Structure formats: structure tokens, C-alpha cells
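Colleague: Pasting a structure below so you can have a look.
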Amino acid sequence: MGQTINVVILASGNGTNMENLVLSLHNKTITQAMRQNGVNLTKNSTTRDKSPLQTSPNAFIINSETIQDSMLAKDPLINVLSIVSDNKDAHALHRAKRLGLPTQIIDSTDKSRQEFDKALLLYLTSLEREYGLNCILLAGFMRILGAEFLERLKHIRILNIHPSFLPLHKGLNGIEKSYADSNDFGGVSVHFVTKELDSGMIILQEKIQKIPNESLEDFTQRVHDVEYRLYPQAFLKAFAQGIHNV
């Protein structure tokens, strides 16, 4: 094992997606994380190299011919460097401390977007200088990152999860909007972050069939269940196949 994939997770609220990412990925090599998260390799997959994929509920398959050169041979360790929140009261911070992870609060109160982005960028670039930084995962992070911030960090993969089948229902309340619309499905999408809200290249997404007369509470739980499976798989797909935002 010759390298490490260093990750920062940004979270604003309860932190369930953050905690799931940590438990699924932290301190595991790529191959260990693949096994834990139901990612199988095959030489006969019909999946195209770097296209978004609607997964099955049981396993996500990567065609081994599309694996980035030497990725499995190097088998890098995934390391969560820090959990960052813009909300000092976020329960995500308590979850992180319970998991033994460093935390950082960059309070967004009374800050403009530019001021907040500058403070966050300062912290992330300090981590990058000291440890190296390969990926930023947004997990219930309620700030919109500005174009200048994203340009400065364009060499780093920045991923987000959204609780709808994009491009449907971008922005807030994706679950509620999906539940109420006329389609017979909702969904979950994992995508790269760009300056256009919820519009970056999709890495993985999955439809969730609606059940007649299902409550919003039950539908919401099914969406979360898919989120917990899909986000680690999308992270592994991006790194195993060398996918970067375009």
C-alpha cells in the first residue's frame, strides 16, 4: 500500500450520512471498502467506463477493465482527516467526536458567501499543505459553494448526495417534492459539485419506486436507506475508475 486518499466531510445537521461514510470508508483500503460496500469486479460487465449508473439494490459492479491503472495494486488507504461544519450546534459534530475524528467549526453566522468560502478555503488548503487532500464529501451540508472556491479546488474531487433522481427537484426539499410529484418514483443521486446547483456530472443514481398510500415518513426512510448504500459506492467508483468532474 503506497498512498492514502485523504478526505474531508462537510456536514451541517444531524450527520447520519456523514457517520455512514466514516463507517463505510475510513481506515479501509480501496479493496476492503469495495468488499464491505457491495462493490464487485467483473470482466463481463456491460457498464460503460465512466457513465452514471443506476445500481441494483444488492450490489454495484465495476468492470475490472475500467479500473484506473495500478489502483488495486497500490490499494490506497482511505483516511477521513476532519469533519467540518458551518453550524456549531450540528449533531454531526457529536457523532464525529464519538467516532474519534477531528472536527472544525467554521461558523457561517453573519458571514456572506464570499466570507464563508474564504474561511473554509483557508482551512482546507492548510490541510492540503500538511497532509494532502484528495476529496471533499458534502453530507447534508447546507451552504452553496461559490464559483471562486470551486475554481481554487478544481484539482480535488468534491462530491454531493441529493435525495432525488436528478435532474428532477434540484435544491431544497428534494424528498418532499419527489413524494408529491406525479412520477411513480423518487430517487437518490451522487454527483460532482459545480457552480450550478445540483448540476454536476452524476456518478451514480438510483430510482426508488413509490408504493401506493405510503406515508412521507416511510418514503423518506427508504430514500435514506439508499443514500447510505449509494454514497460510499459512488466514492469508490470515482476513485477506482479515475473519474473526475468535467
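Colleague: Under the condition of being among the β-branched types (Val, Ile, Thr) and not in a helix (DSSP H, G or I), which residue from the stretch 95-138 is farthest from the chain's Cα centre (by Cα)?
Modeller: First, pick out the residues of the stretch 95-138 that are among the β-branched types (Val, Ile, Thr): 103, 105-106, 109, 125, 136.
Next, only the ones that are not in a helix (DSSP H, G or I) stay: 103, 105-106, 109, 136.
Details: 103: 18, 105: 20, 106: 20, 109: 25, 136: 8 Å.
Per the criteria, the residue is 109.
Colleague: Of all the helices (runs of 4 or more DSSP H) wholly in the stretch 145-246, which have at least 1 residues that are closer than 26 Å to residue 115 by Cβ and open to solvent by less than 50 Å² (accessible area, probe 1.4 Å)?
Modeller: So the answer is 147-152.
Colleague: Please go through the stretch 1-20 and pick out each residue that is open to solvent by 10 Å² or more (accessible area, probe 1.4 Å) and assigned to a helix (DSSP H, G or I).
Modeller: 16, 17, 19, 20
Colleague: For the structure I just gave you, tell me whether residue 222 is within 20 Å of residue 135 (Cβ to Cβ), modelled with pLDDT of 95 or more and of a type in the set (D, E, K, R).
Modeller: no
Colleague: Regarding the stretch 113-124, can at least one residue be identified that is modelled with pLDDT of 95 or more, surrounded by fewer than 17 Cβ atoms within 10 Å (Cβ to Cβ) and among the hydroxyl-bearing types (Ser, Thr, Tyr)?
Modeller: yes
Colleague: Within the stretch 99-127, which residues are of a type in the set (A, V, I, L, M) and either touching a Gly at 6+ places or on another chain (Cβ under 8 Å) or more than 18 Å from residue 150 (Cα to Cα) (or both)?
Modeller: Those that are of a type in the set (A, V, I, L, M) and either touching a Gly at 6+ places or on another chain (Cβ under 8 Å) or more than 18 Å from residue 150 (Cα to Cα) (or both): 99, 101, 105.
Colleague: Can I ask one more? Output the number of residues of the stretch 187-227 satisfying the condition of being among the small types (Gly, Ala, Ser) and over 30 Å from residue 147 (Cβ atoms).
Modeller: Residues meeting the conditions: 1.
Colleague: Check whether at least one residue in the stretch 35-53 is modelled with pLDDT of 90 or more and under 30 Å from residue 106 (Cβ atoms), and report yes or no. Break it down into steps so the answer makes sense when it comes.
Modeller: Residues of the stretch 35-53 that are modelled with pLDDT of 90 or more, as a first pass: 35-38.
Applying the additional criterion that residues be under 30 Å from residue 106 (Cβ atoms) yields 37.
Yes, some residue in the stretch 35-53 is modelled with pLDDT of 90 or more and under 30 Å from residue 106 (Cβ atoms).
Colleague: Find all pairs meeting these conditions: Cβ atoms under 8 angstrom apart; at least six residues apart or on different chains; first residue within the stretch 143-162 and β-branched (Val, Ile, Thr); second residue part of a loop (DSSP other than H, G, I, E, B) and open to solvent by 20 Å² or more (accessible area, probe 1.4 Å).
Modeller: The qualifying pairs are 144/197; 156/134; 158/193; 158/245.
Colleague: Quick one: residue 23 ticks every box in (1) under 15 Å from the mean Cα position of the chain (by Cα); (2) modelled with pLDDT of 95 or more; (3) open to solvent by less than 80 Å² (accessible area, probe 1.4 Å) except a single one, so which number is it?
Modeller: In the conditions (1) under 15 Å from the mean Cα position of the chain (by Cα); (2) modelled with pLDDT of 95 or more; (3) open to solvent by less than 80 Å² (accessible area, probe 1.4 Å), residue 23 misses (3) alone.
Colleague: Do we find that residue 76 is closer than 18 Å to residue 9 by Cα and either surrounded by 14 or more Cβ atoms within 10 Å (Cβ to Cβ) or in contact with a Leu (Cβ under 9 Å, 6 or more places away or on another chain) (or both) in this structure?
Modeller: For residue 76, the condition - closer than 18 Å to residue 9 by Cα and either surrounded by 14 or more Cβ atoms within 10 Å (Cβ to Cβ) or in contact with a Leu (Cβ under 9 Å, 6 or more places away or on another chain) (or both) - is not met.
Colleague: Something else now. Can you tell me how many residues within the stretch 103-112 are open to solvent by 30 Å² or more (accessible area, probe 1.4 Å), within 22 Å of residue 80 (Cβ to Cβ) and in contact with a helix residue (DSSP H, G or I) (Cβ under 8 Å, 6 or more places away or on another chain)?
Modeller: Residues flagged as open to solvent by 30 Å² or more (accessible area, probe 1.4 Å), within 22 Å of residue 80 (Cβ to Cβ) and in contact with a helix residue (DSSP H, G or I) (Cβ under 8 Å, 6 or more places away or on another chain) within the stretch 103-112 amount to 3.
The values are calculated or read from the model by the stated rules, or taken from the named source; none is laboratory data. Worth saying up front: this structure is predicted, and the values here are computed from it rather than measured. No Cβ is skipped: glycine too gets one built from the backbone with ideal geometry, and neighbour counts run over all protein chains shown. Heads up: the accessible areas ignore ligands, DNA and RNA and are worked out on the full protein's heavy atoms, side chains in. Shrake-Rupley method; radii C 1.70, N 1.55, O 1.52, S 1.80 Å.
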